[in-house]
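For reference, the structure is listed below as structure tokens.
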Amino acid sequence: MAAPIRVLFRGGTVLTHDDDDHVIPIESDLLVEGKSIKEISPSIQLPTGSDVKVVDCKNKIVSPGFISTHQHLWQSLCKSLWSEFTILEYLCLGLFDNVHHQPNDIFWAELAGALEGIDAGTTTVMDHAHFHYSTEHSDAAIAALEATGLRAVFCFCPSSRLRKHDPLEVDGDIFCDWIMDKIQALAQNAPYGDGRIQIGFGLDEFRFDRATTVDVFKRIKSFGIKHVTTHYFRSPAGGRPTISFYFPLKV
């Protein structure tokens, strides 16, 4: 087995945290060995001839990676497309843009979004993924995340799919068999990427009766999924008070 890669960050301002998560900056060295921080202390001494990459961090901040709690990495391909849209225009016109993306498009979109985050210091992301027109789309996204080194919770979000534009025809069967079977398969084969990528669940379309929604969440729980995400915003259009409607059911 090859020896773990070692990197010494020399002389930086290391942002440490106490038990109450207060940031305590200290002037220090930081030694990384493989996937772990091995030592944080001033003037770490290395044996002569050590196979260690040294990074000069004088006048630089050494920080833990940032965590993004909500992103749609696949939409890195869509920057500036909807910059002039209101939220209602986006929901009517922009949301179905995913119909134009093939699995290969999703791969490159996820890859670009993930690498962009890493470049900005984000090392962990919750990816709210709502583009599933086939099982191949899902596989392509996870393959991209595996390739980046990013730590992620890939939240599979079933959503309505566009059948055709003119006349507008939407497939609203978001809990169809192949969708639920794919979520189950992904969850039961997780984690991916050497343990970095977990499977979560996303849901935005709270338009079903209680029995249907409760059944879906029970199935998601039975798959071993622990992370669930959704969107929330107040709207002049009104709508069901989702939390009070579903939360008493303790799903």
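The values are calculated or read from the model by the stated rules, or taken from the named source; none is laboratory data. What you see is a predicted model; the values in this text were computed from it and never measured. No Cβ is skipped: glycine too gets one built from the backbone with ideal geometry, and neighbour counts run over all protein chains shown.
Of the residues I106, I142, only one is surrounded by 21 or more Cβ atoms within 10 Å (Cβ to Cβ) and either within 13 Å of the chain's Cα centre (by Cα) or assigned to a loop (DSSP other than H, G, I, E, B) (or both); which? After applying the criteria, what remains is I142.
Among the residues of the range 5-36, those identified as among the hydrophobic types (A, V, I, L, M, F, W, C) and within 23 Å of P47 (Cβ to Cβ) are I5, V7, L8, F9, V14, L30, L31, V32. Exactly one residue out of R196, R210, R240 is in the same structural domain as H137 (by TED's automatic domain parsing) and at pLDDT 95 or above: that is R196.
Looking at the range 69-91, is at least one residue under 21 Å from the mean Cα position of the chain (by Cα), surrounded by 15 or more Cβ atoms within 10 Å (Cβ to Cβ) and at pLDDT below 85? Scanning the range 69-91, I find no residue that is under 21 Å from the mean Cα position of the chain (by Cα), surrounded by 15 or more Cβ atoms within 10 Å (Cβ to Cβ) and at pLDDT below 85, so the answer is no. Of all the residues in the range 106-121, those that are free of Cβ contacts under 8 Å to residues at least 40 places away in the same chain and either within 14 Å of L81 (Cβ to Cβ) or not charged (D, E, K, R) (or both) number 8. Pairing residues of the range 67-95 that are aromatic (F, W, Y) with residues that are in a loop (DSSP other than H, G, I, E, B), at Cβ distances under 9 Å and at least 6 apart in sequence or on separate chains, gives W74/H101; W74/H130; W74/F131; Y90/W82.
To keep it simple, each residue is scored yes or no on (1) of a type in the set (A, V, I, L, M); (2) free of Cβ contacts under 8 Å to residues at least 12 places away in the same chain; (3) not assigned by TED's automatic domain parsing to the domain that holds L115.
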{"position": "L15", "(1), (2), (3)": "yes, no, yes"}
{"position": "H22", "(1), (2), (3)": "no, yes, yes"}
{"position": "I26", "(1), (2), (3)": "yes, no, yes"}
{"position": "E33", "(1), (2), (3)": "no, no, yes"}
{"position": "L46", "(1), (2), (3)": "yes, no, yes"}
{"position": "V54", "(1), (2), (3)": "yes, no, yes"}
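Selection of the range 71-95 for residues being part of a helix (DSSP H, G or I) and among the polar types (S, T, N, Q) yields Q75, S76.
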